[in-house]
Amino acid sequence: MGTSDNLKIAICDDEMAQRRQLQFIIDKTRPGTEIDLFESGEAFLAAFRPGIYDLIFMDILMPGMGGVDATSKIRSIDASVPIVFATSSQDHAMEGYKNRVIRYLMKPFNPTEVGEVLELAAQMKGAQGGVSVRVNGKDMTFSYEKICYVEQSSHTLYMHMANGATIQLTGKLDDIEAQTPDDSFMRCHKSYLVNLAHVKNVDKDLQMFQMKDGDSVHIRRESIREANRLLAEYALKG
């Protein structure tokens, strides 16, 4: 993991000159930023997992899957990643509004505007808060949205992350729970703490949360109603 103030950014644009120009501006404005380049919505979605990027620059007009379609697909699995629409035309404000994009940038890119967006993404990243744990003798902080759920088995914790990784550490689930916000994390079982942002639905028959990535997380019988209520409240808030 890089230092916490290093942003990880994706640029999705079918024109190489545009990708290069934006990359150049970002390198100059915030040296040390990690940048991944994609030349189509399809390529980007194949690589995308929630929690990987701090900011996405999405070109609206691309052959094949356009930026608007790609963005609504991203939003179906990640409600919070900051997305900026890049466009050479003014006519897409409604789609941006629907998909909660943080900014429109007109091409050719203006370095001042790009700098403002990077600053905003850095603030959003810092404001999200996170869970601090010790992994292999190193102190690490994982922002909330990167954690799907945490599982305890005797003295070992397994943190299931949004990028598909599982991080193993020694500790107590109580200590993790104490660091998480009540409106988005639920202690649904003595062995499980779940992030509602990553829940697809509640399966009442199996007494489980079905997660967006396909995993299932046990809910103790007496908490099923509360699980439904919290998930509904979370959805309204989102």
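The values are calculated or read from the model by the stated rules, or taken from the named source; none is laboratory data. Predicted model, so just to flag it, every value in this text is computed and none were measured. Positions of Cβ are backbone-derived with ideal geometry, glycine not excepted, and every protein chain shown enters the neighbour counts.
Within segment 14-29, is there a residue that is part of a loop (DSSP other than H, G, I, E, B) and touching a Ser or Thr at 6+ places or on another chain (Cβ under 7 Å)? Checked against the condition, which is being part of a loop (DSSP other than H, G, I, E, B) and touching a Ser or Thr at 6+ places or on another chain (Cβ under 7 Å), segment 14-29 yields at least one hit.
May I ask you to verify whether residue 178 is exposed (fewer than 12 other Cβ atoms within 10 Å of the Cβ), out of contact with any helix residue (DSSP H, G or I) (no Cβ under 9 Å at 6 or more places or on another chain) and within 24 Å of residue 81 (Cβ to Cβ)? So residue 178 does not fit the description; no.
How many residues does segment 18-43 hold that are closer than 27 Å to residue 129 by Cα, of a type outside the set (Val, Ile, Thr) and out of contact with any Lys or Arg (no Cβ under 8 Å at 6 or more places or on another chain)?
Of the residues in that region, 4 qualify.
The condition of being free of Cβ contacts under 8 Å to residues at least 12 places away in the same chain and in contact with an Asp or Glu (Cβ under 9 Å, 6 or more places away or on another chain) holds for residue 158. Beta carbons closer than 8 Å, at least 6 apart along the sequence or on distinct chains, pair a first residue in segment 209-220 that is among the small types (Gly, Ala, Ser) with a second that is crowded, with 17+ Cβ neighbours inside 10 Å for 216/208; 216/209. If you check residue 76 against the conditions, is it modelled with pLDDT of 95 or more and either small (Gly, Ala, Ser) or over 30 Å from residue 201 (Cβ atoms) (or both)? Against the criterion (modelled with pLDDT of 95 or more and either small (Gly, Ala, Ser) or over 30 Å from residue 201 (Cβ atoms) (or both)), residue 76 does not qualify.
Applying the criterion of being in a loop (DSSP other than H, G, I, E, B) and small (Gly, Ala, Ser) to the residues of segment 116-172, the residue that is nearest to residue 219 (Cα to Cα) is 154.
Considering each residue of segment 178-194 in turn, none proves to be of a type in the set (Lys, Arg) and in a helix (DSSP H, G or I).
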